[in-house]
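Chemist: Mind looking over this structure? Questions follow.
The values are calculated or read from the model by the stated rules, or taken from the named source; none is laboratory data. This one's a predicted model, so the numbers in the text were calculated from it and none came from an experiment. Neighbour counts run over all protein chains shown; Cβ positions are idealised from the backbone, glycine included.
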Amino acid sequence: MATKVMEVVKGLDLKRYMGRWYEIACFPSRFQPSDGVNTRATYTLGDDGAIRVLNETWSGGKRSFIEGTAYKADPNSDEAKLKVRFWVPPFLPLFPVTGDYWVLFIDPDYQYALIGQPSRNYLWILSRKNDMDDEIYKELVEKAKDEGYDVSKLQKTPHTNPAPEGEGPEDTKGVWWLKSLLGK
């Protein structure tokens, strides 16, 4: 059976997309701690058009983070297909890891988004707030299902209210990254 061609947002306004996004749900991955809470991403547009990416999560009461860069996969296309590059391990960045970041849906007010990639192995539901109305969540899950994702793999990300404002104590040794390689 042929896999449906994935539809992505066209004409994404990168300036409006910048700022903080909270992970409401995702497919588990080895790149994130399995016990992570308050997971969020902050995007900042540089003068050169590159996007600074800061991914943060709290695990065991400590803040873990990784920084990277995103850029349009094809600068001449109006499709919201980005590439994201992180250097790992975060405590001694030696190896670049590049992945696809496709915006599959964003609401007109840029308050919630559905992010995926062509293999359909990764999926994120993001929101400007650290919680989401159940109806909106169900709508995004349905959109993911329509794009060929196995939505049974989606796991909601726990958040505290209020969300952490500061950076908190850091896991400066990158222990979370080593644990993630072992699937913990």
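Chemist: Looking at the stretch 1-23, which of its residues are over 19 Å from residue 84 (Cβ atoms) and either in contact with a helix residue (DSSP H, G or I) (Cβ under 9 Å, 6 or more places away or on another chain) or not in a strand (DSSP E or B) (or both)?
Modeler: Across the stretch 1-23, the qualifying residues are 1, 2, 3, 4, 5, 7, 11.
Chemist: If I ask for residues that are in a strand (DSSP E or B), within 16 Å of the chain's Cα centre (by Cα) and aromatic (Phe, Trp, Tyr), which ones from the stretch 88-122 would you list?
Modeler: 101, 102, 105, 112
Chemist: Separate question: Would you please list the contacts, defined by Cβ atoms under 8 Å and residues six or more apart or on different chains, that run from a residue in the stretch 114-137 that is touching a residue at least 60 places away in the same chain (Cβ under 8 Å) and within 19 Å of residue 72 (Cβ to Cβ) to a residue that is part of a strand (DSSP E or B) and among the hydroxyl-bearing types (Ser, Thr, Tyr)?
Modeler: The qualifying pairs are 126/22; 126/112.
Chemist: So if I check each of 39, 57, 44, which one is farther than 24 Å from residue 10 by Cα and modelled with pLDDT of 95 or more?
Modeler: Just a single option satisfies the conditions, and that option is 39.
Chemist: Taking only the stretch 10-66 into account, find how many residues are aliphatic (A, V, I, L, M) and free of Cβ contacts under 8 Å to residues at least 24 places away in the same chain.
Modeler: 2
Chemist: Looking at residue 42, is it surrounded by 15 or more Cβ atoms within 10 Å (Cβ to Cβ) and either assigned to a loop (DSSP other than H, G, I, E, B) or touching a Leu at 6+ places or on another chain (Cβ under 6 Å) (or both)? So that I can check it myself, show each step before the final result.
Modeler: Values: surrounded by 15 or more Cβ atoms within 10 Å (Cβ to Cβ): yes; either assigned to a loop (DSSP other than H, G, I, E, B) or touching a Leu at 6+ places or on another chain (Cβ under 6 Å) (or both): yes.
Spelling it out, residue 42 is indeed surrounded by 15 or more Cβ atoms within 10 Å (Cβ to Cβ) and either assigned to a loop (DSSP other than H, G, I, E, B) or touching a Leu at 6+ places or on another chain (Cβ under 6 Å) (or both).
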